[in-house]
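Enquirer: Please see the structure below; I have some questions.
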Amino acid sequence: MQNVITIDVAGFKRILDMMKPVISNKSALPILGDVKLDWDKQAGMFRLTGSNTDSWLTADCADPKTNDDGDIEMVPCVHMLQEDTKEHWHPVCLPYADLRETFSLLPAARRCTVTFDESADGQRLMTIDYQDGQMSLSYDAADEYPESPTLVTRGDDRDRRREELAAQVAALQEQNSTDGLATLQQELAAIPEPICRFRIESPSLLGPVREARTCAANDELRPVMNGVCLDTFADHLVVVASDGHKFYKNVIETGVGYLDYKTFPALDPQTGEPGSAKLIVPKTVMATINAAFQQAINITVTADSRRLQFSTLGVNFVALCIEGRYPNYESVIPRDNPYKVQMSRDTLKMALRRVQLSADGSSNMATMLGDGTAFVIEASNMLNSKSGSERVPVQQTDAFLPQGFKIGMKILSTLDLLDLLDEDNIVFYFSDPSRAFLLRNESPKLQSKTLLQMPMLVNEA
């Protein structure tokens, strides 16, 4: 059996690069080192899929182009050479690492021909013919490649079945009957609950999730902190991440529109605040989201209680949510911050980098001592007899800091947060040396972003 396709090298290489974050190099399943190439009869184009069992990325083998009417349309970059072979096409698994390296070396402006040949004894070989050359690679059948899961959406068959089971379980519990209750509860637990579905402008989502990833934790004991929380409200979205030392929060109020359903309550029963659905996205999938949706205008986000789906024209990405309850992040943000200090972000960054050369390698701590018109930043390493200090001018725009106000900070964490601010004029909010301090942009137009850092204990001995 033989199938022949032609490939536009540049377009196909772009799709291969998009797949890199979901390809597993050390998986127990060797097939996960491959990508699946399939023909979508309904869409009339080829489609490439990559997976690492926790996430699935599917992309049309096509390039988005703007037509004469200003609309975006997908122009295929992989073509069937003969129309009559479309009905006989079988999905194939291609060796990702070898294929990506090959296409990275082919002339980008060229088109190549790929022949898939399966012999009678089951040997499979793909031959790539390009200008002045040819090479061959083995490939596999896609029978055992994991299928991308579909989410439970409001009103679909699984959702209706879930509601039927819930009603039956409730009836048995009301009757104090255990006849068949365990079986019904087990089946009910296996069906995820639909949560919400909304559309958001691509830049509004990609920027904040990329920044928030910097503040997410690596904590095996608290897995919920290893993700970025998308707190979805009825009229806005809040992106949150924290590792317990630094904290990121960004409120997105524009470019968010809900589609078919949202099931979170109007009010949170615990706080009395407007209700929301907290979707915890593993920070490891953020690279995939940024790589796959850079060219997207809008992204549709669908969530059930087990998975998240991000989709746009020609691209669909499904990832497992982190199970668990995200902490009440509002409770860690200090509300009473009497001391407001304005300074230059770039001046502070350079001062911290210079002082860091003298900091203790294990603690990476510096202290900031207010003297009215400046902060004196100091760091020392007693073991190596090193010390350094630098004076950074400040503008006290609110109540004056107490005499001798001194606060400790982890230099690397502070530098990470400073990189997330959007302008040179920034504002620190302090209350007490033992309490967290806030960092914000000075411009009123950029106040949606709140950064927080926990202080370090200063030893005065």
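Enquirer: Can you show me the helix-derived [θ] at 222 nm for the chain, built from DSSP H runs with n ≥ 4 at -39,500 (n - 2.57) apiece and divided by the number of residues, rounded to the nearest 500.
Expert: -6000 deg cm²/dmol
Enquirer: Leaving out ligands, DNA and RNA, what percent of the accessible area of the range 334-444 is carbon and sulfur, probe 1.4 Å?
Expert: Numbers: 2500 of 5260 Å².
The C+S portion of the solvent-accessible surface of the range 334-444 is 48 percent.
Enquirer: Suppose we keep just the alpha-carbon trace of the chain; what are its Rg and Dmax in angstrom?
Expert: Both quantities, over Cα of the chain: 27.3, 87 Å.
Enquirer: Placing +1 on the Cβ of each Lys and Arg and -1 on the Cβ of each Asp and Glu in the chain, which of Q131, V114, N425 has its Cα farthest towards the positive end of the resulting dipole?
Expert: Going by the charge dipole, the pick is N425.
Enquirer: Find the accessible area per residue for the range 73-187; the probe is 1.4 Å, ligands and nucleic acids are left out, and the unit is Å². If you can, show how the numbers build up before the last one.
Expert: Values: 7170 Å² over 115 residues.
Counting only protein heavy atoms, the per-residue value for the range 73-187 is 62 Å².
Enquirer: Right, another one. With the full set of protein chains in place, find how many percent of the accessible area of the range 129-212 is carbon and sulfur; take the probe as 1.4 Å. Intermediate values should be presented prior to the final figure.
Expert: Numbers: 2150 of 4910 Å².
It is 44 percent, rounded to a whole number.
Enquirer: I would also like to ask the following. Let's test the formula: R0 of 22 Å, r as the Cβ-Cβ distance of H79 and T127. What FRET efficiency results, to the nearest 0.05?
Expert: 0.85
Enquirer: Oh, and also: Please give the per residue volume of the convex hull enclosing the alpha carbon atoms of the range 1-112, rounded to a whole number of Å³.
Expert: Normalising the Cα hull of the range 1-112 by residue number yields 130 Å³.
Enquirer: Same structure again: In debye, nearest 20, what is the charge dipole magnitude of the range 1-126 about its Cα centre with +1 on Lys and Arg Cβ and -1 on Asp and Glu Cβ, if you could check?
Expert: 460 debye
Enquirer: If you take the square roots of the eigenvalues of the alpha-carbon gyration tensor of the range 90-186 and sort them as a ≥ b ≥ c, do you get rounded (a/c under 1.5), prolate (a/b over b/c) or oblate? Write down the numbers at each step before the final one.
Expert: On the way: a/c = 5.38, a/b = 3.33, b/c = 1.62.
In terms of gyration-tensor shape, prolate.
Enquirer: What's the magnitude of the charge dipole for the range 368-461 around its Cα centre, counting Lys and Arg as +1 and Asp and Glu as -1 at the beta-carbon? Answer in Debye, nearest 20. Write out the running numbers ahead of the final one.
Expert: Numbers: 8 positive and 12 negative charges, 39 e Å.
Magnitude of the dipole: close to 180 debye.
Enquirer: Still on this structure: Roughly speaking, what is the centre-to-centre gap between the range 430-461 and the range 286-364 when only Cα atoms are used, to the nearest Å?
Expert: Using only Cα atoms, the two centres lie 17 Å from each other.
Enquirer: Can you give me the accessible area per residue for the range 342-439, using a 1.4 Å probe, in Å²?
Expert: 46 Å²
Enquirer: Next question, about the same structure. State to the nearest 20 debye the size of the charge dipole of the chain about its Cα centre, where the only charges are +1 on K and R beta carbons and -1 on D and E beta carbons.
Expert: Numbers: 45 positive and 64 negative charges, 340 e Å.
It comes to approximately 1640 debye.
The values are calculated or read from the model by the stated rules, or taken from the named source; none is laboratory data. Everything quoted here is computed from the prediction, not taken from an experiment. Cβ: placed from backbone, ideal geometry, glycine included. Neighbour counts: every protein chain shown. The accessibility values were calculated without ligands, DNA or RNA, using every heavy atom of the protein model including side chains. Shrake-Rupley method; radii C 1.70, N 1.55, O 1.52, S 1.80 Å.
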